[in-house]
Amino acid sequence: MVYAIAEAEGVSPSEVKSPPLYECVDAAALEDTFFGPDVTGRSRQGVGSVKFHYTDYLVKVRSDGWIQVYEPTETELS
C-alpha cells in the first residue's frame, strides 16, 4: 500500500509518513483477511475490497491484490 500511495503522491515510499498508515488502516488485518489462509488452512477464495481515506486520497485494496489510490469524487466524500 505504501508503494501505491507514494506513486500517487509522486514521492518515494520512505517519504510517506504523515499520518502513519497504521493510523488509517490495519494493514495486517487486511493481509490476513484477503491473503491469509482461512480457518481450515486453505487459501481464501472470496472476492472483496476495502476502501479507506489517506490524506487527500481514497485507497481501495482488492482481494485480487490490486491497490488503487485516487482522488475521491464528490459522492465518495460523503
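Sorting V2, V69, V11, V61 on the 10 Å Cβ count, fewest up front, what's the list?
By the 10 Å Cβ count, ascending: V11, V2, V69, V61.
Once R0 is set to 30 Å, what does the formula 1/(1 + (r/R0)^6) return for the Cβ-Cβ distance between A29 and T55, expressed as a FRET efficiency to the nearest 0.05? Let's see the in-between values first.
Details: r = 21 Å, r/R0 = 0.69.
So the FRET efficiency works out to roughly 0.90.
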> Dipole of the stretch 2-77 (Lys/Arg Cβ +1, Asp/Glu Cβ -1, origin at the Cα centre): which of S63, G36, A8 lies farthest to the positive side?
Replying inline: G36
>> As an exercise, use a Förster radius of 30 Å and the Cβ-Cβ distance of T75 and E9 to find the FRET efficiency, rounded to the nearest 0.05.
In response: 0.85
> Per-residue ellipticity at 222 nm for the chain, helices alone: DSSP H runs ≥ 4 residues times -39500 (n - 2.57), over residue total, nearest 500 deg cm²/dmol?
Replying inline: -6500 deg cm²/dmol
> How high is the relative contact order of the stretch 2-77, in percent, counting Cα pairs under 8 Å that sit 6 or more residues apart?
Replying inline: 23
> the stretch 19-78: which trypsin sites (Lys or Arg not before Pro) are DSSP loop and have at most 12 other beta-carbon atoms within 10 angstrom?
Replying inline: R42
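No value in this document is a laboratory result; all are computed from the given coordinates. Values in this document were obtained by computation on a predicted structure and should not be read as measured data. A quick note on method: Cβ atoms are made from the backbone with ideal geometry, for glycine too, and the neighbour counts reach across all protein chains shown.
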